[in-house]
Amino acid sequence: MLLPFKSEPYVTDYSILGNGKTSGGGWCKAKQDFVPLYQDFENFYTRNLYMRIRDSWNRPICSVPGAKMDMLERFSHDYNWTFTYTGRVIKDVINMGSYNYLGFAQNTGICKEAAAKVLTQYGAGVCSTRQEMGNLDKHEELEKLVARFLGVEAAMTYGMGFSTNSMNIPALVGKGCLILSDELNHASLVLGARLSGATIRVFKHNNMQSLEKLLRDAIVHGQPRTRRPWKKILILVEGIYSMEGSIVRLPEVIALKKKYKSYLYLDEAHSIGALGLTGRGVVEYFGLNPEDVDVMMGTFTKSFGAAGGYIGGKKELIDYLRTHSHSAVYAMSLSPPVVEQILTSMKCIMGVDGTTFGKECVQQLAENTRYFRRQLKKMGFIIYGNEDSPVVPLLLYMPAKVSAFGREMLKRNIGVVVVGFPATPIIESRARFCVSASHTKEILDTVSV
């Protein structure tokens, strides 16, 4: 059934685009003397496709995002333009969408008890930046622990993972510098690169020939017009790419970085805690030296069940960022209970707490990941990514299948993230499963049957 739009049929959209009269359709005409706020295709897509499948996103949950969760029931009377909540709670929905890789996002156990204790002592927020009155002893303790965990000289923490990238890259490079970015890098890396003012060149995903060609050309030709050497060349890559489930070819990237005397910025948002024998990320996964990575970035929002991000590296780098990073100078400090959640979970992973629970979680995640991928492949699905990646994209291709898949899974009490344009190419829509150490074999079998 077609949606009851307030504009003419689809042909009107195309005729408008062809005539160049307006850029929004009959019901969203541009104001006189104003430039249209939205691009033509995005506006057409939103009205004619996104609204049909909008119920697949922003579903409100009302519990801890553990192996199972509770979700508020909602429905729409007007084809997803608005939603009405019934007041009913859908119980025990299998959670295959949260980044709770090691299962530390929970409301019971040592993390919860430690965070509750700190909340009583410090309160919920610090109401200041680190440079003013917001630098707690807990922040200092966390940064020392992060540096120890990563095997680097020093580390600095931030209140938001996205801004850790978008606000620190501009502090490291600027005009006259060159950024070489993987074509599938996260939006935070892309934004940080654009804000820096540096020249950006994109290489094909995980393609070392493409990267080396750009490096060679940069060295040979230098900057456009002047032919002067670039001030700095910075390579931006991720540990695990969140839409593809692929793992960076880090040994080869490091070899090229050394060969052409450039710098390497590694985003380990999805790989820290999830890869390596002891959860120390993609560097440990390949058995590499952390000193070979100039800037090690990661987040606490996934494997640690908390919030915020970090950057690790040489002490000189961290000292520089403390005074030049907008995210350090102007942003609020991490909330004390959040800091304690990170401290407790990280100590658990490292075994500092005297238990093997953290190590067992890392091993369980690896086993669950390989098992779940095997099950999906046996069923004949096309799966992207590396065998050890807990991010498992299942290709649906057509946008119409996005909503159908999401709705059918929810009918079976399975919550899954479906992804479409503009996060992916319009005919490469997919469902993205995120495996957790908290998932049992029975849960994974339920999902894959």
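At a glance:
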quantity: Qualifying residue in the stretch 322-335 (condition: crowded, with 23+ Cβ neighbours inside 10 Å, modelled with pLDDT under 95 and aliphatic (A, V, I, L, M)); calculated: yes
quantity: Meets criteria (touching a helix residue (DSSP H, G or I) at 6+ places or on another chain (Cβ under 7 Å) and either free of Cβ contacts under 8 Å to residues at least 12 places away in the same chain or over 30 Å from TYR79 (Cα atoms) (or both)) for VAL418; calculated: no
quantity: Selection from the stretch 396-431 of residues that are within 30 Å of GLY279 (Cβ to Cβ) and in contact with a Ser or Thr (Cβ under 8 Å, 6 or more places away or on another chain); calculated: ILE414, VAL418, VAL419, ARG430
quantity: Evaluation of ILE311 against (1) touching a Lys or Arg at 6+ places or on another chain (Cβ under 8 Å); (2) in contact (Cβ under 8 Å) with a residue 60 or more places away in the chain (one fails), failing number; calculated: (1)
quantity: Residue identified as basic (Lys, Arg) and not in a helix (DSSP H, G or I) among ARG407, ARG430; calculated: ARG430
quantity: Pair list, Cβ < 6 Å and 6+ apart or interchain, from the stretch 204-225 residues that are closer than 14 Å to SER262 by Cβ to residues that are loosely packed, with under 15 Cβ neighbours inside 10 Å and not charged (D, E, K, R); calculated: GLY222/PRO229
quantity: Unique match (being within 25 Å of ILE383 (Cα to Cα) and of a type in the set (Lys, Arg)) among ARG228, ARG249; calculated: ARG249
quantity: Selected residue [assigned to a loop (DSSP other than H, G, I, E, B), touching a helix residue (DSSP H, G or I) at 6+ places or on another chain (Cβ under 6 Å) and within 19 Å of HIS139 (Cα to Cα)] from THR344, THR301; calculated: THR301
quantity: Yes/no for SER271 being closer than 26 Å to LEU365 by Cβ, touching a strand residue (DSSP E or B) at 6+ places or on another chain (Cβ under 6 Å), in the same structural domain as SER325 (by TED's automatic domain parsing) and among the hydroxyl-bearing types (Ser, Thr, Tyr); calculated: yes
quantity: So GLY380, is it in a loop (DSSP other than H, G, I, E, B) and either of a type in the set (A, V, I, L, M, F, W, C) or surrounded by fewer than 18 Cβ atoms within 10 Å (Cβ to Cβ) (or both); calculated: yes
quantity: Close pairs from the stretch 377-400: first closer than 23 Å to ILE53 by Cα, partner part of a loop (DSSP other than H, G, I, E, B) and β-branched (Val, Ile, Thr), Cβ under 7 Å, at least 6 apart; calculated: VAL392/VAL435; LEU395/ILE382; TYR397/ILE427; MET398/ILE427; PRO399/ILE426
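Conditions tested, residue by residue: (1) out of contact with any Pro (no Cβ under 6 Å at 6 or more places or on another chain); (2) buried (at least 23 other Cβ atoms within 10 Å of the Cβ).
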residue: TYR122; (1), (2): no, no
residue: SER128; (1), (2): yes, no
residue: GLU141; (1), (2): yes, no
residue: ARG148; (1), (2): yes, no
residue: GLU153; (1), (2): yes, no
residue: TYR158; (1), (2): yes, yes
residue: THR164; (1), (2): yes, yes
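The values are calculated or read from the model by the stated rules, or taken from the named source; none is laboratory data. Just so we're clear, the structure is a prediction, and the values are computed from it rather than from any experiment. Ideal geometry is used to build each Cβ from the backbone, glycine not excepted, and the neighbour counts take in all protein chains shown.
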